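In what follows, a structure is listed as structure tokens, so that the remarks can point back to it.
The values are calculated or read from the model by the stated rules, or taken from the named source; none is laboratory data. It should be emphasised that the depicted structure is a prediction, and the values quoted were computed from it without experimental measurement. Reconstructed Cβ throughout: ideal geometry from the backbone, glycine too, with neighbour counts over all protein chains shown.
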Amino acid sequence: MAWFLAGAALVIVLSVGTALAALTTGDDPRPRPTAARNTPQPVVPEDPATTIGPAATAVRSTASTQPSAVRSSSPARPTSAAPTTPGPPRVVSVTVSADPDEFPSCRGSMITRITVRMTLSQPGLPVRYTINESSTVRDTASSTTFVKTTQANVSPIRGDHQVRIAVTQPSTASTSTTISVDCGR
């Protein structure tokens, strides 16, 4: 009996489905909503030679405005920074120090170490400077930092003695330091 009821229910459902299908099909087209009838479909141009991204698909829009398609005719080019020219070789900074920079007495040898430090605009530049307009030092910097230590005799005269550095190559620069001598102690 259960089989009989299940079969009868299936026959009823199929009959109702067939009747509904017959009523909805016919020669008259179904009327579309007004907004859908008046909305133009977007046009997507296709160029078979150029593939920029995934294939375009048509999208039905209910808005009354039409989207605009913009395509660039040339590929984007990467921008590069303009090459910078280093400019003429030059001394960026120069300092001098003396060790010792003070002599409390005039006995014994009075020798100090003069250290010249330069920052240069480029590595590998020739360097030339004078110490107190009497001793000339010539060398080549291996990097942009140049350090050179030389010895100098200090005069056994009481007072402050100035050590002047005058750079002439790669460009002109100057600096100085003071050595104090006190022969009274």
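Do we have T95 as out of contact with any Ser or Thr (no Cβ under 8 Å at 6 or more places or on another chain) and in contact (Cβ under 8 Å) with a residue 24 or more places away in the chain here?
No; evaluated as a whole, the condition is false for this residue.
Out of the stretch 112-166, which residues are modelled with pLDDT of 90 or more, of a type in the set (V, I, T) and over 17 Å from R90 (Cβ atoms)?
T112, I114, T115, T130, I131, T136, V137, V147, T149, T150, V163
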